[in-house]
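Every read-out reported here was derived from the displayed coordinates using simple, explicitly stated rules and does not represent laboratory data. Keep in mind the model is a prediction, meaning the values are calculated, not measured. All Cβ positions, even for glycine, are placed from backbone atoms using ideal geometry, and neighbour counts span all protein chains on display.
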Amino acid sequence: MGIADITSTLANAPTVAKMAAGLKPRPADTADCFAARVEATTEKFPDYTAVIFEGKTVTWRELNAMANRYAASFRGLGLVRGDTVSLIMENRIEYLALIIALNKLGVTAALINTNLTGRPLTHCISITQSKACIFGEERIQAVHDVMHEADLKGIKEYLYVPDSGVEACPVWARDLNEEAADEDSDNPPETGETTLGETALYIFTSGTTGLPKAAVLSNRRYLISATMSFSGGLLCDEYDCIYLCLPLYHGTGLFLGVGASFCTGASMFIRRKFSASSFLDEVREHGATCFIYIGELCRYLLNTPEQEDDYKNPMGSMMGNGLRPDVWHEFKDRFGVQRIAEFYGSSEGNLGFINVFNKDCTVGTTSIPHALVKYDVDADEVVRGADGFCIKVNKGEPGLVLGKITAATAFEGYTSAEATESKIMRDVFKKGDAWFNTGDLMKTVDVGFSMGLPHYQFVDRVGDTFRWKSENVSTNEVGEIINSHPQVAMCNVYGVEIPKADGRAGMAAIVLRDNSVPLDLDAFSRHVTRELPHFARPVFLRIQSEMDTTGTFKMVKGDLRKQGYDLEQVSDPVYVMKPGSERYEPLDAKFLARIKAGDAGY
């Protein structure tokens, strides 16, 4: 612990105090919402830039007026406080105006993943009991294909919003822009009646292991997240510009980026989709001082050709989640970032951590009641003592993260009562208590001087950590080692079953930096055997041309696990490290047959 470490920590103390002041609990019936923050920001900074998008710039006055016209149209359609409307649209200015408009009226916006089609799309619209569906021109076909499904009979109106103008409004929908064009652009009175306790949004889970669930998000939690972002993370104000390329149907971009902008007047540069090759040029062109990230985006950016002046850009702070220790310092140094406010949380959870002290390789700390409890990875269950209660882990030991459910830290859950109850653990430390089960393993880490506040590091998702050779294997930690090999762009590590072998063997799906050059098996094998203990070395490798990810850039493991190393299901090259060997070699049908027969020696 050096003087510089202590000085840096103390320098952030006022930030902590400011954030804490902004997070003081308020009654649920307090009138406040993110649309009210937009109105206040518009009053302060009417002619400041609010949004930059595809060559177009709008001020706060223009954005708020657009939202007001939409709100007047919604009122004319009979939408009232407590109703729900589904919104399926790519990132663009209209998207922001629409969620503001709905929030002004106290109408809940169900924000739907733009990649969904067919049954998952029908499911998301129907479970929120939406009365209308707003869709962008870019999603006409997806909506048309499901609109006649029986589950959507509750939709009274389909509302079209033009985009490029190539596809006209279909006959079965109303052109929302046309209807809103002549509406009143003044602030509606309903905004002042919208309260913290009301449901602002439904945010959907990714649905990688089943149909998506709709997480309930109140105005209170939205504003808490936004406050954490602007006052404890990005430290932004009206002179900043936030770079936003994550899908806005997802909480990270919408809460931390858009929320911080709504509350402070910082401008937003928004993109429909992330582009690694355009990133730095756009940051410089638009003076983006802040960046909202997902860890995998940082890997993509590090895989772009390095230039000597990459650090010469205005981006000083970034906030997001999933930035792993193996790329943290490299990213920070290459792009000249001074502040990385990694956070931990979920759309539905009652628990959040934030790296407010700007410590490296940590999700920071929290003031919310929480606990890390022992978890048996092999049995995939929480460990309880002889008294039936959970056991807290020792310092530095990975444990399942639980968030205590109290009046001040409510678990708002999902639209499904059954799904909500499935995430609650009861009788954890005493009879009658209730805790939110995050499903994540974390551990405390030493970050030097931190004013006595413990700091944490994400370890893995429960289910992603697996047991092999009587040892727990973290997919994230193995992935970090593999990603450090010079030929590897990124990898996805998961466990697969081997007949007659205990636990699950490791398998890594790998995308190479240059797909035209084959993996140097000798060099890669030496790297794995040198850097990883025998039990953590992946038994199988699968070389892919591209990585399958969700719309929010999370790597998908489900199909990879199902296909495993079965050569009949996998067309990609597959390699194996045989028992007793320290070198990978191509998996052939003969050895695969031995594996399936359970006599391969594992």
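So here's what we get for this one:
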| read-out | value |
| --- | --- |
| Principal-axis tilt of helix 93-105 within the chain, Cα atoms, nearest 10 degrees | 70 |
| FRET efficiency for A181 and A379, using Cβ-Cβ distance with R0 set to 51 Å, rounded to 0.05 | 0.25 |
| Extended-chain gain in nm, criterion 0.36 nm per residue less alpha-carbon gap, A11 and D548 | 189.2 nm |
| Where only C-alpha atoms are counted, convex hull volume of the range 290-400 per residue in Å³ | 137 |
| Geometric extent, Cα atoms of the chain - Rg, Dmax (angstrom) | 24.9, 76 |
| Degrees between helix 325-335 axis and first principal axis of the chain (Cα, 0 to 90, nearest 10) | 60 |
| DSSP-assigned coil residues among chymotrypsin sites (Phe, Trp or Tyr not before Pro) in the range 487-586, each with at most 14 further Cβ atoms within 10 Å | none |
| In degrees, nearest ten, helix 60-76 long axis to first principal axis of the chain (Cα) | 80 |
| Exposure proxy ranking, count of Cβ atoms within 10 Å, fewest first, for R61, R139, R324 | R61, R324, R139 |
| Cα-based convex hull, the range 485-602, per residue volume (Å³, whole number) | 112 |
| Global size of the range 31-347 as Cα Rg and Dmax, reported in angstrom | 19.1, 58 |
| Whole-number percent relative contact order across the chain, with pairs defined as alpha carbons under 8 Å at least 6 apart | 10 |
| Estimated 222 nm signal from helices in the chain, with DSSP H stretches of n ≥ 4 weighted -39500 (n - 2.57), rounded to 500 | -8000 deg cm²/dmol |
| Modelled FRET efficiency - R0 30 Å, F591 with N303, Cβ distances, 0.05 increments | 0.35 |
| Restricting the range 298-360 to GluC sites (Glu not before Pro) in coil, as DSSP defines it, with at most 10 other Cβ within 10 Å | E306, E308 |
| Computed over the range 492-542, Cα set: Rg, Dmax in Å | 12.3, 38 |
| Beta bridges per DSSP with both ends in the chain, % antiparallel, nearest 5 | 60 |
| Selected from V393, A410, V428, residue furthest toward positive end of dipole (the range 388-431; charges at beta carbon) | V393 |
| DSSP-loop trypsin sites (Lys or Arg not before Pro) across the range 272-377, with at most 11 other Cβ within 10 angstrom | K273, K312 |
| Additional length obtainable on full extension of the chain from E157 to A410, 0.36 nm per residue less Cα span | 87.7 nm |
| Eligible lysines near K590 by straight Cα distance, threshold 19 Å, same-chain separation 8 or greater | K500, K578 |
| Sites T57 and D520 - FRET efficiency at Förster radius 41 Å, r taken between beta-carbons, to 0.05 | 0.25 |
